[in-house]
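The values are calculated or read from the model by the stated rules, or taken from the named source; none is laboratory data. Bear in mind that the values here come from a model prediction, so they are computed numbers and not experimental data. Glycine also receives a Cβ, built like all others from the backbone with ideal geometry; neighbour counts cover every protein chain displayed. To get the accessible areas, we keep the full protein, side chains included, count just its heavy atoms, and leave off ligands, DNA and RNA. Shrake-Rupley method; radii C 1.70, N 1.55, O 1.52, S 1.80 Å.
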Amino acid sequence: MTEMIKSKNVSFQYLHTTEAFLKEINLTVDKGECILICGASGSGKSTYSRLLNGISPNYIEGELTGEHFTASLKAGEAEIEAYVPIVGSVFQNPKTQHFTVDTMSELAFPLENIGAHPDFIRTKIAENAQALNVEHLLGRNIFEISGGEKQQIAFVASNMLEPAILILDEVTSNLDQEAIIRIREMVLQLKARGQTIIIFEHRLVWTKGLVNRYIRLEDGKVADVWTADEFQTLSNNDLHALGLRSKNLDTHRKMIQTKLINPKDSNDHTLTTENLSIGYPGHAVLTDLHLSFNAGEVTGLLGPNGTGKSTLANTLTGSQDVISGQIYWNNENITKKALIQKSYLVMQDMNYQLFSDSVENEILLGAKYPEFLDELLEALNLNDFRDRHPMSLSEGQKQRVVIASALLSGKEIIIFDEPTSGLDYEHMERFGKLLKDLKDSKAVIIVITHDEELASKWCDSIVQLSK
């Protein structure tokens, strides 16, 4: 078999850090193979993905020892532009790889860069959009589609040049089940064509029957390698002990059904909406909403990508105008200004909420309860990073920093928008326990999520929204 990826005694340390993030990695991947690389947040997954696509050490600099080849390209020697026709990448945060303002231009961009004829570009866009079932997203403003929809566009764009190797870095973290199924079907098609696929992922359920080998990283090293058959013999408890997510969610899905509530049951609650319509000027996303939320409870908001969950969060926190209808606090009409003062929103893209030069300063910025800083750093496993710049952390670590800021804010309405999308099992559990403790503050707590493990175990009630 042709080796498409080969790492021999590979170690990598970023500039201005004291410890290597990858340590003596030895790994080969054959042409047409699909492998999944898993592990706890901060285990080295993202660092290794950057080595595969040439981002490190060419762009994100550091010291590389050992030898790494992606196809025929040697890390540290090949120019970054040499990777473009060979490696396609889809990152956890799709906003980091969008270059245009509308979806058609976004899909055209890779082919325009190589000078393809406009007729060919239009044909390829149509073919790829149909294959991934994203035709309904063509011609849309990228800034007006959901995070999950942005991810689907990023996936299609990464395949416009038909690369030999596809790298998927937490691509399902913000997707609903329908979108995950579409991603899975597309990956199966690409694998059937002989494409080599490397998946970096916390969510394991969708990978059954797709992945040839599972590889677990721990502290920058290869800790375990399983064939697909060997991996399927592991129980959920076995995986949890290793810090990995469940591979079977049947029990969680049954539990969610028992927690569903009627969204029109709005009698005597702390935060309620009446005939609420939300969205943008000339475009209502959700209409006639009668929702209710109790203080001291965790309410989960579930629904497909594009339903309007994030738009609802923006509206309930006062950052977006109501189209029509009312929002009430303790049965009294509440103004937009008052909502802003009462609320804290942990956004889906946490990079918008990081301002300070250290993790400690970030968490203390606007904190009402600074005396709980040390306890919270320990609970969220952030003690070792308190002096680090927040932007130097992994996506999962950044997420925990913003969650910590919310927990110390002392606000009466706290909304988490996909708070566990980049978290491993251990940190999902830690967050769940903090949600339980937060209920004692008598805040209204709303969790927007696709994470069925989180919703089933840690939400008191669940509202299912639909388009």
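The alpha carbon convex hull volume per residue for the stretch 374-451 rounds to 90 Å³.
With Cα atoms as the point set, the stretch 125-240 shows a radius of gyration and Dmax of 15.5, 46 Å. Taking every C-alpha pair closer than 8 Å and separated by at least 6 residues, the mean separation divided by the residue count of the chain gives a relative contact order of 16 percent. For the stretch 335-467, the solvent-accessible area works out to 41 Å² per residue, with a probe of 1.4 Å and every protein chain left in place.
Placing pseudo-labels 7 Å out from each Cα toward the beta carbon at GLN232 and LEU438 gives an inter-label distance of 3.8 nm. Reported to the nearest whole Å, the Cα centre-to-centre distance from the stretch 94-167 to the stretch 351-372 is 36.
Take the Cβ atoms of ALA126 and ASP374, set R0 to 60 Å, and the FRET efficiency comes out at 0.60. If R0 is taken as 45 Å, the Cβ-Cβ distance between ASN9 and PHE99 corresponds to a FRET efficiency of 0.80.
On the accessible surface of the chain, probed at 1.4 Å, how many percent belong to carbon and sulfur atoms?
49
Normalised Debye scattering of the stretch 72-196 at q = 0.13, 0.17 Å⁻¹ gives log10 I(q)/I(0) of -0.50, -0.87, counting only Cα atoms as equal scatterers and leaving out solvent. Counted by Cβ distance under 15 Å from ILE327, the other residues give a net charge of -2, where Lys and Arg count +1 and Asp and Glu count -1. Extending 7 Å from Cα along the Cβ direction at GLN177 and again at ALA338 yields two label points whose distance is 3.9 nm.
Other residues lying with their Cβ under 14 Å from the Cβ of GLY148 contribute a combined charge of -2, Lys and Arg counting +1, Asp and Glu -1. Full extension of the segment from HIS290 to LYS74, taken as 0.36 nm per residue of separation minus the current Cα-Cα distance, would add 72.0 nm. Excluding ligands, DNA and RNA, the accessible surface per residue across the stretch 1-131 is 48 Å² with a 1.4 Å probe.
Rounded to 0.05, the FRET efficiency of the LEU260 and TYR328 pair, given R0 = 25 Å and the Cβ-Cβ distance, is 0.65. Here the extension length gained between ASN26 and GLU274 equals 83.4 nm, from 0.36 nm per residue of separation less the Cα-Cα distance.
Each principal axis of the Cα cloud of the stretch 169-237 was evaluated for its coordinate range; sorted largest first, these ranges are 30, 27, 25 Å.
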